[in-house]
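Worksheet for the structure shown next.
The values are calculated or read from the model by the stated rules, or taken from the named source; none is laboratory data. This structure is a prediction, so every number in the text was calculated from the model and none was measured. Here Cβ is always computed from backbone atoms with ideal geometry, including for glycine, and neighbour counts include all displayed protein chains. All accessible areas refer to the heavy atoms of the entire protein, side chains included, with ligands and DNA or RNA removed. Shrake-Rupley method; radii C 1.70, N 1.55, O 1.52, S 1.80 Å.
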Amino acid sequence: FITTTKPPETDIGKRLRISVHSPVALHLYDSLGRHTGPIPNPDQSSDLQLFEEQIPNTYYWQIGEGQYTGADGATTTTIELKGLDLGTFALDIEALDGGITGTTTKYQDIPVTAQTIATIQVGENIAPLLKIDIDGDGKIDANITPDGLTSEDLSGLLKGLVKTLNLSDSKEKKLIKKIEKLEKELQKEHKNERMEKRKTVYAFEKIIKTIKKYEKRGILSHNDAEELMAIIEQIKAIVVE
């Protein structure tokens, strides 16, 4: 049949398209607890990655470092990201209606560790809020909106990163104090904007200097120190732009 009038809109054409890049595993859960995403391979001698698609009308693909999934956009879906290594991740969520992209939510350069668990609920009339437990202790370290990292989010994430490094209490407290100083600098409102930026840069450099010192003394491994400094440099580039 051909008609000159547009058919009434239904929820059938509403879809979510989700992609993530970097060292995390991407999982979807619906309100009934059904799961779509990677699952453990019972054959420990095999290097094949298995996955399941329990949620109706969902899919899961993995291509290189990228993971891609889709779900019904008219119902509430929980996205869960489980960290696999120290690094940063990028998450893109597209809402489609009839194949046309409506809104796109992006999270870029978010720190992650092998203990990190990040969750976000998506669906109609839900404000996107990415909740991150960076050190896997069951406490949320940051609630990140698409607008970006706040000074409080930044401090929470960096403190969580430090707690995953297995430092002694004294060394851990020393680094956390420097992070708290950075947070205070970010919260201040200086009349001289150039002076504000200079103090913030100096606070970042103090953290990096301490990490280098720990690496030199063998307190941190070379790989951990390099990865941690790379993450801090990425965050610094975003904050001091």
Summing -39500 (n - 2.57) over every DSSP H run of at least 4 residues in the chain and dividing by its residue count gives a helix-only mean residue ellipticity at 222 nm, to the nearest 500 deg cm²/dmol, of -10500 deg cm²/dmol
For segment 1-145, averaging the sequence separation of alpha carbon pairs under 8 Å that lie six or more residues apart and dividing by its residue count, the contact order in percent is 23 percent
Rg/Rh over Cα atoms for segment 104-188, Kirkwood Rh, comes to 1.01
For segment 118-241 (alpha-carbon point model, no solvent) the Debye-based log₁₀ I(q)/I(0) at q = 0.22 Å⁻¹ works out to -1.33
Note to self: C-alpha centroids of segment 148-165 and segment 42-118 sit apart, in Å, by 23 Å
For the pair S151 and K206, the simple spin-label estimate (label points 7 Å beyond Cα toward Cβ) gives in nm 1.4 nm
Regression test value, accessible area per residue of segment 1-105, probe 1.4 Å, units Å², expected 60 Å²
Once both label points are put 7 Å beyond Cα along the C-beta direction, the H222-K181 separation in nm becomes 2.9 nm
In nanometres, the difference between 0.36 nm per residue of separation and the alpha-carbon distance of T78 and D109 is 9.1 nm
Counting only DSSP loop positions in segment 1-88, the GluC sites (Glu not before Pro) whose Cβ has at most 12 other Cβ atoms within 10 Å are E9, E65
Once N143 and T101 are pulled to full extension, the length gained, defined as 0.36 nm per residue separation minus their Cα-Cα distance, is 12.6 nm
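Just need the Rg to Rh number for the chain, please, alpha carbons only, Kirkwood Rh.
Computed over Cα atoms, the ratio is 1.05.
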Here the gain from full extension of K197 to I63, 0.36 nm per residue of separation minus their alpha-carbon distance, amounts to 44.2 nm
With all protein chains present, the chain has a carbon and sulfur share of its accessible area (1.4 Å probe) in percent of 50 percent
A correct Stokes-Einstein calculation for segment 6-143, using the alpha-carbon Kirkwood radius, 25 °C and 0.890 mPa s, returns a whole-number D in µm² s⁻¹ of 157 µm²/s
For the table K174/K212; K106/K163; K159/K197; K139/K209; K174/K197; K82/K199, the rows whose alpha-carbon distance is greater than 25 Å are K106/K163; K139/K209; K82/K199
Rounded to the nearest 10 degrees, the helix 222-239 long axis (Cα) sits at an angle to the longest Cα principal axis of the chain of 70 degrees
